[in-house]
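First up is the structure itself, then whatever we jot down about it.
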Amino acid sequence: MEGQVEQVLAALRDVLGADLVGAYLHGSAVLGGLRPHSDVDVLAVSARPTTRAERRRLAERLAKVSGRRAPVPGRPVELTIVIASEVRPWRGVGRLDFQYGEWLRDDFERGNAEPWSEDAHADVAVLIAIALLGNHALVGPPPGEVLDPIPPRDLAGAMVGGLDGLLLDIENDTRNVLLTLARIWCTLATGEIRSKELAAGWVLERLPAELRPPLERARAIYLGEEIERWDDVAAEVASVAARMTAEICRLAREEGVES
């Protein structure tokens with residue numbers, strides 16, 4: 001991972017120069033450690049917006065170090081850039097300026113310099129919360145000196161706001177969708193952001209036995225204990241996703257958050 005992180009930072013310095021305020025690890029790297037399928041997740045803070053040409057250049061650089069299609073295959077890289085003045089002081093909602101992930105690679109290669117969806121902006125609150133929790137600066141001052149804490153209601157709203165887009169991917173990205181739903185449910189219920197592994201364990205204790213197999217499978221694949229396959233539990237995937245979604249929406253309503 002270290003080599004990939006250094007190349008991500010080199011790309012950020014090349015494009016942003018002195019306007020790079022800070023860069024911070026988030027995701028699995030700071031929530032229990034990287035697992036076999038974990039991305040390298042970096043949140044960067046910039047003093048200014050990127051230009052269209054700079055976004056293309058960043059995407060080209062990142063494509064060379066991210067995932068199986070890179071010249072030297074490695075972990076998938078996810079880089080998100082936010083503008084310092086837009087996230088501090090925190091105003092209740094966030095907006096990303098740039099995002100790269102393997103799911104966006106083909107769109108970048110087709111010439112789309114802003115391929116992320118509107119739902120991605122809601123994720124900014126979640127990414128900031130995890131970066132603050134992880135407290136791992138790659139460049140710049142500690143995250144607490146650059147980013148404001150995310151109020152629980154705003155964090156809940158951000159998590160719930162991305163539900164529709166998340167569920168659309170359940171057939172193509174079953175493992176990640178189930179584990180993300182588990183994390184959202186666990187976070188809303190406990191107020192703590194936990195690793196996917198721990199969140200799945202918390203949820204499994206609260207699911208009826210007949211709904212557990214898909215989430216157990218998702219956790220086992222995440223831990224590298226099983227291969228990725230869903231044909232034998234396909235019928236139960238929709239049911240457990242619906243149950244977790246219903247619990248999330250119930251908790252959101254109790255908090256006065258629209259789902």
Worksheet entry | Of all residues making up the stretch 147-178, the number that are touching a strand residue (DSSP E or B) at 6+ places or on another chain (Cβ under 8 Å) and either surrounded by fewer than 22 Cβ atoms within 10 Å (Cβ to Cβ) or part of a helix (DSSP H, G or I) (or both) | 0
Worksheet item: Of all the residues that make up the stretch 85-122, how many are in contact with a helix residue (DSSP H, G or I) (Cβ under 7 Å, 6 or more places away or on another chain) and closer than 17 Å to residue 160 by Cβ?
Response: 5
Response to the item:
When residue 162 is run through (1) modelled with pLDDT under 95; (2) under 24 Å from residue 33 (Cα atoms), the failure sits at (2)
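Which is within 19 Å of residue 133 (Cα to Cα) and polar (S, T, N, Q), of 46, 28, 85? Steps first, please.
On the way: 46 fails: within 19 Å of residue 133 (Cα to Cα); 85 fails: within 19 Å of residue 133 (Cα to Cα).
Just a single option satisfies the conditions, and that option is 28.
Confirm whether residue 131 is surrounded by 20 or more Cβ atoms within 10 Å (Cβ to Cβ), of a type in the set (A, V, I, L, M, F, W, C), under 27 Å from residue 154 (Cβ atoms) and at pLDDT 95 or above. Full working, then the answer.
Working: surrounded by 20 or more Cβ atoms within 10 Å (Cβ to Cβ): yes; of a type in the set (A, V, I, L, M, F, W, C): yes; under 27 Å from residue 154 (Cβ atoms): yes; at pLDDT 95 or above: yes.
Judged against the criteria, residue 131 is a match.
Any idea which of 47, 63 is of a type in the set (Gly, Ala, Ser) and farther than 17 Å from residue 106 by Cβ? Spell out the reasoning first.
Values: 63 fails: farther than 17 Å from residue 106 by Cβ.
Residue meeting the stated conditions: 47.
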Discussion item. Please go through the stretch 181-195 and give me each residue that is of a type in the set (S, T, N, Q) and surrounded by 22 or more Cβ atoms within 10 Å (Cβ to Cβ), ordered by number.
Written reply: 187
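Please pick out the residue among 217, 212, 206 that is more than 16 Å from residue 35 (Cα to Cα), assigned to a helix (DSSP H, G or I) and modelled with pLDDT of 95 or more.
Details: 217 fails: more than 16 Å from residue 35 (Cα to Cα); 206 fails: assigned to a helix (DSSP H, G or I).
212 is the lone residue from the list that is more than 16 Å from residue 35 (Cα to Cα), assigned to a helix (DSSP H, G or I) and modelled with pLDDT of 95 or more.
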Practice prompt. Give the stretch 229-248 a look and list any residue that's of a type outside the set (Ser, Thr, Tyr) and within 20 Å of the chain's Cα centre (by Cα), or say none.
Written response: 241, 244, 248
Practice prompt. Consider only pairs whose beta carbons are under 7 Å apart and that are at least six residues apart or on different chains; among these, list those whose first residue lies in the stretch 116-144 and is in the same structural domain as residue 20 (by TED's automatic domain parsing) and whose second residue is among the acidic types (Asp, Glu).
Written response: 125/154
Worksheet item: Which one of these does residue 125 not meet: (1) surrounded by 14 or more Cβ atoms within 10 Å (Cβ to Cβ); (2) assigned to a loop (DSSP other than H, G, I, E, B); (3) among the small types (Gly, Ala, Ser)?
Response: (2)
Practice prompt. Tell me, yes or no, whether the stretch 95-106 has at least one residue that is of a type in the set (A, V, I, L, M) and over 14 Å from the mean Cα position of the chain (by Cα).
Written response: no
Worksheet item: Taking the stretch 183-203 on its own, how many of its residues are small (Gly, Ala, Ser) and assigned to a helix (DSSP H, G or I)?
Response: 4
Item to complete: Go through (1) at pLDDT 95 or above; (2) of a type in the set (Gly, Ala, Ser); (3) touching a Lys or Arg at 6+ places or on another chain (Cβ under 7 Å); (4) outside any helix (DSSP H, G or I) one by one and return the number of the condition residue 22 breaks.
Response: (3)
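The values are calculated or read from the model by the stated rules, or taken from the named source; none is laboratory data. It should be emphasised that the depicted structure is a prediction, and the values quoted were computed from it without experimental measurement. Here the Cβ is made from the backbone with ideal geometry for all residues, glycine too, and neighbour counts use every protein chain on show.
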